[in-house]
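The structure under discussion appears below in the form of structure tokens.
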Amino acid sequence: MAARSSKSQVITALVTCPNRRVAEAIGRALVEERLAACANVVPGLTSIYRWQGRICRDAEVLVLLKTRRARFAALSRRVGELHPYSVPEIIALPVALGAATYLAWIAESTV
């Protein structure tokens, strides 16, 4: 494993979706538009959250998006345009370490 390059500043963005169809459509659009290098669609998620004064429990699908920090604002805007929720989850976590070749591929794929 190599340390992440300060040039690439790779992050993983997380977006929950109501179903696989929506998750795949968002993931595909972001990869096609070079806002993400890769989208992993992870089914089988159960979300428990507070919304409009009540506790909710819903089946959801998680999308993991590999991108660069510099692309996050555009990625977030685009998810907001494509997502059916009025307040979609769009958060990002820094990638502390990764294989140098993989991190370089993410940087090249999100230009």
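Per-structure values
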item: Residue satisfying all of: in the stretch 44-75; surrounded by fewer than 17 Cβ atoms within 10 Å (Cβ to Cβ) and of a type in the set (Lys, Arg); farthest from GLN9 (Cα to Cα) among these; result: ARG54
item: Unique residue being assigned to a loop (DSSP other than H, G, I, E, B) and on the phi < 0 side of the Ramachandran plot when the list is ALA36, ALA73; result: ALA36
item: Among the candidates VAL87, VAL15, residue that is modelled with pLDDT of 95 or more and in contact with a helix residue (DSSP H, G or I) (Cβ under 8 Å, 6 or more places away or on another chain); result: VAL15
item: Complete set of residues in the stretch 76-99 that are assigned to a strand (DSSP E or B) and surrounded by 12 or more Cβ atoms within 10 Å (Cβ to Cβ); result: ILE91, ALA92, GLY98
item: Those residues of the stretch 9-30 which are part of a loop (DSSP other than H, G, I, E, B) and closer than 13 Å to PRO84 by Cα, in sequence order; result: PRO18, ASN19
item: Residue within the stretch 78-89 that is in contact with a Pro (Cβ under 9 Å, 6 or more places away or on another chain) and without any contact (Cβ under 8 Å) to a residue 40 or more places away in the chain present; result: yes
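The values are calculated or read from the model by the stated rules, or taken from the named source; none is laboratory data. Quick caveat: nothing in here was measured; it's all calculated off a predicted structure. As a convention, Cβ positions derive from the backbone with ideal geometry for all residues, glycine included, and neighbour counts pool all protein chains shown.
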